[in-house]
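Accompanying notes for the structure given below.
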Amino acid sequence: MLDICIVTYNRLEYLKLCVWSILASTTVEYRLFVISDNSTDGTNEWLLEMKDLGKIDEVIINSENLGSAESFNRVIRATSSDYFVMTCDDMWFHRGWDTAGLEILNKFKNSGIVTFFNFPINNKDSQLKRVSDKAYFRQSTGLGSSIISRALLIK
């Protein structure tokens, strides 16, 4: 089971694309959690409608704007799976993202985070190591959208 956590604030059109991309491309068993950081642009109403339709498993609506870090902490605490995804509302997910990420986490047991970026590979990067035809390893990157091992996060 994979818990997917999205944080959003007043970017309903981006959020819709993000959610629909997850619904269309995720093949592993998952639950979708979305937290609205006190949005005022119709996001809360859309989220509740999507929950009623069974497209989103859990909706959390902050009564005040807490910022993305606290919102991520809050939504992650609401989940319980071995792996969870942290993503913002402006990310899109493509076919195969879920199985590729989990495959990497299972292959490299000491790796706690797999991060997805859409950027060109710079073969002159001395830290970059190719691990498969679809994946590269680098000691550190930014967060992007990430699959995170709960066990390694809380060690």
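The values are calculated or read from the model by the stated rules, or taken from the named source; none is laboratory data. Predicted model, so just to flag it, every value in this text is computed and none were measured. Here the Cβ is made from the backbone with ideal geometry for all residues, glycine too, and neighbour counts use every protein chain on show. Heads up: the accessible areas ignore ligands, DNA and RNA and are worked out on the full protein's heavy atoms, side chains in. Shrake-Rupley method; radii C 1.70, N 1.55, O 1.52, S 1.80 Å.
For the chain, lysine pairs with C-alpha atoms less than 19 angstrom apart, excluding pairs fewer than eight positions apart on the same chain, total 8. The trypsin sites (Lys or Arg not before Pro) of the range 33-112 meeting both criteria, a DSSP state outside H, G, I, E and B (loop) and at most 11 other C-beta atoms within 10 angstrom of the site's C-beta, are Lys109.
The chymotrypsin sites (Phe, Trp or Tyr not before Pro) of the range 1-39 include none that meets both conditions, a loop assignment by DSSP and at most 13 other Cβ atoms within 10 Å of the site Cβ. Take the Cα of Arg130, step 7 Å toward its Cβ, do the same at Glu49, and the gap between the two points is 4.7 nm. In the chain the longest region clear of GluC sites (Glu not before Pro) that are loop-assigned by DSSP and have at most 10 other C-beta atoms within 10 Å covers 65-155. If you take all other residues with their beta carbon under 14 Å from the beta carbon of Arg74, and give Lys and Arg +1 and Asp and Glu -1, the sum is -4.
Pop the C-beta distance of Asn73 and Leu17 into the FRET formula with R0 = 30 Å and round what comes out to the nearest 0.05.
With R0 = 30 Å, the Cβ-Cβ based efficiency is 0.75.
Taking Lys and Arg as +1 and Asp and Glu as -1, the other residues whose beta-carbon sits under 12 Å from that of Tyr14 total -2.
Between 0 and 90 degrees, rounded to the nearest ten: what's the tilt of helix 43-52 against the longest Cα principal axis of the chain? That helix lies at roughly 90 degrees to the long axis.
What percent of all Cα-Cα pairs in the range 1-133 falls into each 10 Å bin, going from 0 up to the bin containing the maximum distance? Taking all Cα pairs of the range 1-133, the binned fractions are 11, 41, 31, 14, 3 percent. Taking all Cα pairs closer than 8 Å and separated by 6 or more residues, the relative contact order of the range 1-125 comes to 36 percent.
Surface composition of the chain: carbon and sulfur make up 51 percent of the accessible area, probe 1.4 Å.
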